[in-house]
Amino acid sequence: MKPMSTDPRILSLAAEVAKSPEQNVPVILLKLKEIINNTPLGSSELKKVKQDIYCYDLIQYCLLVLSQDCSRIQGGWTTISQLTQILSHCCVGLEPGEDAEEFYNELLPSAAENFLILGRQLQTCFINAAKGEEKDELLHFFQIVTDSLFWLLGGHVQLIQNVLQSDHFLHLLQTDNVQIGSTVMTMVQNILQINSGDLLRIEGKILHSILDEVIFKLLSTPSPVLRSTATKLLLLMAESHQEILILLRLSACYKGLRNLLNKQEPGTEFRQELKQLIGLLSPKVYQEVEEQKLHQAACLIQAYWKGFQTRKRLKKLPSAVITLQRSFRSKRTKILLKLNRQKEEEDHKLQLQLQRQRAMRLSRELRLSMLEIVHPGQVEKHNRELEEKSALIIQKHWRGYRERKNFRQQRPSLTEYKAAVTLQRATLKFLAKCHKKKKLFAPWQGIRELTDARRVELKQQVDDYVRRHPCSQMSDVTSKELHSQAQERLQHYFMGRALEDRAQHHREALVAQISTNIEQLMKAPSLKEAEEKEPELFLSRSRPVAAKAKQAHLTTLKHIQAPWWKKLGEEAGDEIEVPKDELSVELGTLFIGGTKPP
C-alpha cells in the first residue's frame, strides 16, 4: 500500500522510470542523489523520502541495475559508483514497515553481495589497465564502492558476518596489488571497529584464511604502507579477541611468528604497532592474558550466579508478599467472623430473653383473664388441675429422659446381640449350602448286582404280597369318577398352595419391615440432636406393628424396672407376658407412628 502525501519528485521519477527504456533507467535513477542531498540529514522528512523511494521500488531498480553488465550501462563506472552511494544511503535509516522480512532477509544481503562483486570487477579492471590515469580513476571508483559497502554495514551490523564469510571478500583480500589490498584491509579494520564480535561468529576455516592473508602481507610484502595496514589490522584483531591471540600463540600454523616479527625492519609509520604486537605474543604477556581470561571467566560465573540468586529472590518476593497478605486477610476475616458471631449470639440471647418475657407476660395475662372468667368457687379446682397437668408434664419429660438414657446404655448390648444373630444366620446358611453341595456332588454308588438266590428271594416276596393283597376289579365309570376326584383335589391343593405362598411372602415382608423399623429406632438420635425431618422416618401406618412395638417396649421397660430377685431363673430368650390392661397406659417416651384410619 502506497503511503499518503508522497513527495511529487519521487512520483515523477517513478513514472519516468516506468515509461523510459531500460538503457536510460540508470541515468534517471541518478536524480535520487539530488533529492537525498537536498533533504536535511537526520530529519523526519529524509525518513519519509526513503520510505517513498522503497515503496515505489526505486531501490529495487538500483539493485537490478548494479547486477547488470557495466559495459551496457550508460556512463560506465561513474554511474555505477554513484548508484552504489544512492543505494547505501537509501538503505541506511529506512523503516520498511510491513515488508521488513523481505527487506532484511533478501534485499540487504543481495545489496552487500553486489557491492563485493562490483569490487572484484573493479579489481580486475584495475589490474588489467595499462595507463596510469585509468588506474587512478578505477581506484577512485573502487574506494567509492568500498565506502558505500562500509556505510551499509554501519547502518546494518547484521550484514558484517555475511560479508566476512563471502568468497568475493576473500578474493579481494588476497590481491597482490598494494593499493587495492590496503583499501580492503582498511575497510576490514573499520568494520571491526564497528562490531568486532562478528569476527568470531564466522567459520574457523574462513577465520584462518583471513589471518593467513594478513600475516602473509605483513611478512612478505615490501610495501611499507601495506605492511603498516596489515600490522594495525592484526594488532586490532589480537587486542579485541583473546581467542585470536591464543590462536596466534599456541597454534602450530603460526609457530615462530614472534621470531619472524622480530626480524622485520619496522618503518617509522608502524614501529609502535609492531612492538605492541610482539609484546602481545611474548610468554609473559600471554600468561597475563591467561590470568585475565580466568579472572574474567570467574567474574562471569559470579555474575551469573549472583544474577540467578537475585532473580530467585525476586521470584519468591511476590509469593512472600502474597502469603503475608493472605495470612493478614484470613486473620482479619476470622476476627470479623468472631465479632459477628458474638454479636449474633448476643442478639439471639436478647431475642430469646424478650420472647421469654413476652411469653410470661402473655401467660400471666391469660391466667388473669381466665381467673376473671372462672367462678370464685372453681378457682381452687382450676389451680389444682393446672398443678396436676404440670406435674404430669414434668413426670413425662423426666421418664422420657430416664428411659432414653437407659436405652443408650443398653444399645451396645443390643447391637452385639443383633450382630451375633446375623453371624449365626450367615453361618447356618453357609453350612446348609455346604451340605447341599455335598449331597449334590456325592459320587454315585451304583446298583449292586443281584445274584440268582437274591432274585428268587425277591420274586417269592412279590408273589406273597400279591397273594395277600389281591387287586380289585374296577369299572370304567368308577375309574373316571376317581380320576375326576383326584383332579379336583389336586386343583384344590395347588390353589391353596398359591394362597399359602402369598401369605408366607406377606409375613416375610412384614417381618423385614419390623426389622427395618427396629434398626432405625436403634440408630435414632437423641431429642437434642434430632432435626425436623428425622421423626418422619419412623412413622408407621400399620396398627398391628404399632401395637407390637408398644407391647415390646412395655415388656422391655417392665423387665428393666423389675427387681433382681424377680429375674432369677430367667434366660435371655424368654418372653415376658404383659397384661392387656397395661397396654393402654400412655407413655411419653415411646414414639408410635401414625395409624391407618379404619
Long-range neighbours under 8 Å by Cβ, at least six apart or interchain, first residue at pLDDT below 85 within region 449-472, second open to solvent by less than 100 Å² (accessible area, probe 1.4 Å): LEU450/LEU458
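One line per residue, one yes/no per condition, for (1) under 17 Å from ASN114 (Cα atoms); (2) open to solvent by 40 Å² or more (accessible area, probe 1.4 Å):
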position	(1), (2)
THR6	no, no
SER12	no, yes
ASN24	no, yes
ILE35	no, no
LEU58	yes, no
GLN74	no, yes
Subset of region 145-159 [open to solvent by 20 Å² or more (accessible area, probe 1.4 Å), among the hydrophobic types (A, V, I, L, M, F, W, C) and under 16 Å from SER182 (Cβ atoms)]: PHE150
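In the list LEU482, LEU428, which residue meets the criterion of being more than 60 Å from the chain's Cα centre (by Cα) and in a helix (DSSP H, G or I)? It would help to see each step written out before you state the result.
Details: LEU428 fails: more than 60 Å from the chain's Cα centre (by Cα).
Among LEU482, LEU428, only LEU482 is more than 60 Å from the chain's Cα centre (by Cα) and in a helix (DSSP H, G or I).
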Counted residues, region 117-131 - those being under 17 Å from SER166 (Cβ atoms) and either free of Cβ contacts under 8 Å to residues at least 24 places away in the same chain or of a type in the set (Val, Ile, Thr) (or both): 2
Members of region 333-390 that are aliphatic (A, V, I, L, M) and under 60 Å from the mean Cα position of the chain (by Cα): ILE335, LEU336, LEU337, LEU339, LEU350, LEU352, LEU354
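Just for helices (runs of 4 or more DSSP H) wholly inside region 25-94: which have at least 2 residues that are farther than 16 Å from LEU107 by Cβ?
Working: elements: 25-29, 31-37, 44-55, 58-66, 77-91.
Those helices (runs of 4 or more DSSP H) span 25-29, 31-37, 44-55, 77-91.
Confirm whether SER81 is closer than 27 Å to PHE141 by Cα, among the small types (Gly, Ala, Ser), open to solvent by less than 20 Å² (accessible area, probe 1.4 Å) and assigned by the TED database to the domain that holds PHE169. Outline the logic, then answer.
Values: closer than 27 Å to PHE141 by Cα: yes; among the small types (Gly, Ala, Ser): yes; open to solvent by less than 20 Å² (accessible area, probe 1.4 Å): yes; assigned by the TED database to the domain that holds PHE169: yes.
So SER81 fits the description; yes.
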Pairs with Cβ under 7 Å, 6+ apart, first in region 24-38 and within 19 Å of TRP77 (Cα to Cα), second among the acidic types (Asp, Glu): ILE28/GLU16
Failed item, numbered, when ASP52 is tested on (1) under 25 Å from ALA100 (Cβ atoms); (2) of a type in the set (D, E, K, R); (3) open to solvent by 40 Å² or more (accessible area, probe 1.4 Å): (3)
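The values are calculated or read from the model by the stated rules, or taken from the named source; none is laboratory data. Quick caveat, the model's predicted, so the values are computed rather than measured. Glycine gets a Cβ as well: all are built from the backbone with ideal geometry, and neighbour counts include every protein chain shown. Just so you know, the surface numbers come from the protein's heavy atoms only, side chains and all, with ligands and any DNA or RNA stripped out. Shrake-Rupley method; radii C 1.70, N 1.55, O 1.52, S 1.80 Å.
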